[in-house]
Amino acid sequence: MEWLTVVYLVYTFIALYILTLFVLIYLQNKDRMYEIPPIKKQYKLSIVIPCFNAEKVIGETIETLLKSNYPGLKQIIVSDDCSTDNSYKIAKMYEKRYPGKVKAVRTPKNTGRAAGAKNYGARFVRTELIGFTDDDSRPRNDAISNMIGFFNDSQVGGVTSRVLVQNRNNFLEKSQAIEYKIISFTRKLLGFVDSVYVTNGPLSIYRKKAFEECCGFSMTNWTEDIELTWHLVAKGYKIRMALSAKVYTIAPTTFKQWFRQRLRWNVGGLQTINAYKSAFFRCGMLGLFIIPFFVVSWALAIFGLLLITYRIVRMVLIKYLTASYSIEAQTAILSMSDLDLTPSILIFFGTALFILGFTYNLLALAYSKEQDFKKHNLFQILGYMILYLTAYPAILIISVFNYIKGKKTWN
Amino acid sequence: MLKSAKNVFWEALLVTATVFFFGIILGMAFENSRVDKINDYYTISEISMMDILALNDIMQMENISCENLVQANIDFADRIYEEAKLLEKYEAAGKISDDFKLAHKKYDLMRTFLWANSIKTFDKCKNGFNSVVYLYEYETEDLGQKATQNVWSKILGDLKEEVGGQVILIPIAVDSDLVSLNLMTRDFNISEYPVVIINNKHVITELSNAETLKAYLQE
């Protein structure tokens, strides 16, 4: 058997294993997907909104939180990171309008990181639970109350929500809308095996004691929310995902914005892997599944892209040389014998995996029906799977370069 | 939670291993059915080969017309040419089974046999036909050589279509490590591939177009 065939079969096995794992977790827990544990204790909660140059959106975010139906929400703290626009003034205006309920604070100097504003805002929190929401996120009015019940379990250190995309006009936005739904569905499944690997920025709530044990958000990590989650898991806390807690966010609208966001996410992911490499195969599910899952996904995506690139470049070169020579020899550039349609076992495996992956995505989307938005059509889903996802490994490779380059600078 | 979590990981591994195992078994069965098909063709071709060899021997004893012998050679060459094309397709798609390699080697041996036999036939029936032996490296990693071989195959295929009735086209992969084939290529002092040998006397290592070949055939 050729080494390339062995590589393909290993890929097939791992992909099949991950898909099977998710399907089995789903089958074993399908009745609990939208579980909302009853609130046994009315925890007091403060929500911190890190804010930077968000004058257009900050007011609406505060208004949205004020509409929350959770009676334990005591305070909304807008932590402004020295915005150069009117964000802080607007927050102060809300502070005056809702005394005691809204508080506006400002970092002594610009920290340049969301983590800086979050940590600064956290200093003013006096409640048992602390939540964070981005300055452009819109939690539904029942989102917080659907999350609180998970804290009945004293081992739970953090609860995260389901992020959905608000803007869905172009292909990129529509693809992200699909992606976010699939990610949420998958994260819920991972929650059943104690393997939620991130508590998202748009809305996550933590037990304040646990948050303080981890010294808040890391100031050196580009994805402070992933780092904090791993820190909590490493300390023995459980993380839960509330699929019924919906929060809408504005996804990047241009390729450039999207590219920069993903670069940040992935470089942050690498920083986190590096920071927690000693936890490999230790610290419960963090070392047994989360870190290996991350590392294997990265390695497979990068190696896969390099392999496919090598194959394509080789094929194009052969075709080019053949075509040049064919022209010179005055023979047909393309003949029927070039169109080899003989199927192989690898094609069967590949097709089976694509169908399984497609079915899984359909299942995830079926679980994320929204009343306010139109359903995704088949072309959007196929476009997401074939075009959007295919571009992703390239970002991973660029992220690795940036990480290595950046690491030297940070040191 | 951790205990049940571990269970589902093992369950998934078991299910995956089972599905994967049956997939591989199914794949092997699928490829083996193709190998069987090739082997069936080979058996029939082998009989034809023996028939031609017998014809050659009879010709030494009796006065048989060259026409019969030449036609038998051409028909046989055409048949195994088509079978070889099918074999190459199956071999390219064959990912698990190594049996295609063996079938390929058997066909290369048969074509070497045909080449040797065509030399004998050519000596007896000089004006009856043309023989075109195409020697190439099937497993080469050299992209330039691969491209050259692609074009040469097309040129020879076109030539065969154009003047099929008078030409015995024998493509042979030289990387099958056959003693008889190695001996024959050594006889022709061939060290680089691809190479076309026309009527067992012209060794062509540079092929610009089909016209060059036709010119040699008309000599």
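The values are calculated or read from the model by the stated rules, or taken from the named source; none is laboratory data. Just so you know, these numbers come straight off a predicted model, no measurement behind them. All Cβ positions, even for glycine, are placed from backbone atoms using ideal geometry, and neighbour counts span all protein chains on display.
Do we find a residue being within 23 Å of B:D177 (Cβ to Cβ) and surrounded by fewer than 21 Cβ atoms within 10 Å (Cβ to Cβ) anywhere in the stretch B:152-161? Walk me through it before giving the result.
Here is the first cut: in the stretch B:152-161, the ones within 23 Å of B:D177 (Cβ to Cβ) are B:152-153.
Among the residues that remain, those that are also surrounded by fewer than 21 Cβ atoms within 10 Å (Cβ to Cβ) are: B:153.
Checked against the condition, which is being within 23 Å of B:D177 (Cβ to Cβ) and surrounded by fewer than 21 Cβ atoms within 10 Å (Cβ to Cβ), the stretch B:152-161 yields at least one hit.
Working only within the stretch B:113-165, note down all residues that are away from chain A (no Cβ under 14 Å), among the charged types (D, E, K, R) and under 18 Å from the mean Cα position of the chain (by Cα).
B:E137, the sole residue that qualifies.
Output the residue which, of all residues in the stretch A:232-253 that are closer than 20 Å to A:V196 by Cα and of a type in the set (G, A, S), is surrounded by the fewest Cβ atoms within 10 Å (Cβ to Cβ).
A:G236
Does the stretch A:313-328 include one or more residues that are within 30 Å of A:K174 (Cβ to Cβ) and surrounded by fewer than 16 Cβ atoms within 10 Å (Cβ to Cβ)? Steps first, answer last, please.
Narrowing the stretch A:313-328 to residues within 30 Å of A:K174 (Cβ to Cβ): none.
Within the stretch A:313-328 (the criterion being within 30 Å of A:K174 (Cβ to Cβ) and surrounded by fewer than 16 Cβ atoms within 10 Å (Cβ to Cβ)), the answer is no, since none of the residues qualifies.
Given the conditions (1) over 30 Å from A:K30 (Cα atoms); (2) outside any helix (DSSP H, G or I); (3) modelled with pLDDT of 90 or more, and given that A:A242 satisfies all but one, which numbered condition is not satisfied?
Every listed condition holds for A:A242 apart from (1).
For the structure I just gave you, tell me whether A:Y237 is of a type outside the set (A, V, I, L, M) and either farther than 29 Å from A:D31 by Cβ or within 14 Å of chain B (Cβ to nearest Cβ) (or both).
Working: of a type outside the set (A, V, I, L, M): yes; either farther than 29 Å from A:D31 by Cβ or within 14 Å of chain B (Cβ to nearest Cβ) (or both): yes.
So A:Y237 fits the description; yes.
Could you list, in sequence order, all residues of the stretch B:166-177 that are on the phi < 0 side of the Ramachandran plot and more than 11 Å from the chain's Cα centre (by Cα)?
As a first pass, look at the stretch B:166-177 and keep what is on the phi < 0 side of the Ramachandran plot: B:166-176.
Answer for the stretch B:166-177, where residues must be on the phi < 0 side of the Ramachandran plot and more than 11 Å from the chain's Cα centre (by Cα): B:Q166, B:V167, B:I168, B:D175.
All but one of (1) surrounded by 16 or more Cβ atoms within 10 Å (Cβ to Cβ); (2) within 14 Å of chain A (Cβ to nearest Cβ) hold for B:I25; which doesn't?
Against the list (1) surrounded by 16 or more Cβ atoms within 10 Å (Cβ to Cβ); (2) within 14 Å of chain A (Cβ to nearest Cβ), B:I25 comes up short only on (1).
Determine, yes or no, whether B:V163 is within 24 Å of B:K105 (Cα to Cα) and either of a type outside the set (D, E) or modelled with pLDDT of 80 or more (or both). Step through it out loud before you land on a result.
Numbers: within 24 Å of B:K105 (Cα to Cα): no; either of a type outside the set (D, E) or modelled with pLDDT of 80 or more (or both): yes.
Spelling it out, it is not the case that B:V163 is within 24 Å of B:K105 (Cα to Cα) and either of a type outside the set (D, E) or modelled with pLDDT of 80 or more (or both).
Does the stretch B:155-182 hold any residues that are more than 24 Å from B:L69 (Cβ to Cβ), in a helix (DSSP H, G or I) and either without any contact (Cβ under 8 Å) to a residue 40 or more places away in the chain or of a type outside the set (D, E) (or both), and which are they? Please lay out each step first, then the result.
Here is the first cut: in the stretch B:155-182, the ones more than 24 Å from B:L69 (Cβ to Cβ) are B:155, B:157-158, B:173-179, B:182.
Filter once more, keeping what is in a helix (DSSP H, G or I): B:155, B:157-158, B:174-176, B:179, B:182.
Residues satisfying the conditions are B:I155, B:G157, B:V174, B:D175, B:S176, B:V179, B:N182.
Please give the number of the condition A:S368 fails out of (1) over 19 Å from the mean Cα position of the chain (by Cα); (2) not in a helix (DSSP H, G or I).
Here A:S368 clears every test but (1).
Could you list, in sequence order, all residues of the stretch A:265-313 that are under 15 Å from A:D194 (Cα atoms), touching a residue at least 24 places away in the same chain (Cβ under 8 Å) and not in a helix (DSSP H, G or I)?
Of everything in the stretch A:265-313, those that are under 15 Å from A:D194 (Cα atoms), touching a residue at least 24 places away in the same chain (Cβ under 8 Å) and not in a helix (DSSP H, G or I) turn out to be A:C283, A:G284.
Across the stretch B:195-219, which residue is nearest to B:V133 (Cα to Cα) among those that are part of a helix (DSSP H, G or I) and within 14 Å of chain A (Cβ to nearest Cβ)? Let's see the steps before the verdict.
The initial filter retains those residues of the stretch B:195-219 that are part of a helix (DSSP H, G or I), namely B:210-218.
Next cut, within 14 Å of chain A (Cβ to nearest Cβ) only: B:210-214.
Working: B:A210: 15, B:E211: 17, B:T212: 15, B:L213: 12, B:K214: 14 Å.
Looking at the filtered set, the residue picked out is B:L213.
Okay, residues lined up against (1) under 30 Å from A:L288 (Cβ atoms); (2) modelled with pLDDT of 75 or more; (3) more than 14 Å from chain A (Cβ to nearest Cβ):
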residue: B:K3; (1), (2), (3): yes, no, no
residue: B:V15; (1), (2), (3): yes, yes, no
residue: B:F21; (1), (2), (3): yes, yes, no
residue: B:R34; (1), (2), (3): no, yes, no
residue: B:D40; (1), (2), (3): no, yes, yes
residue: B:I47; (1), (2), (3): no, yes, yes
residue: B:I52; (1), (2), (3): no, no, yes
residue: B:Q60; (1), (2), (3): no, no, yes
residue: B:C66; (1), (2), (3): no, yes, yes
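So which pairs qualify, if the first residue must be in the stretch A:233-254 and of a type in the set (G, A, S), the second must be at pLDDT below 90 and not in a loop (DSSP other than H, G, I, E, B), the Cβ gap must be under 7 Å, and the two must be at least 6 apart or on different chains?
The qualifying pairs are A:A234/A:A279; A:A234/A:L286.
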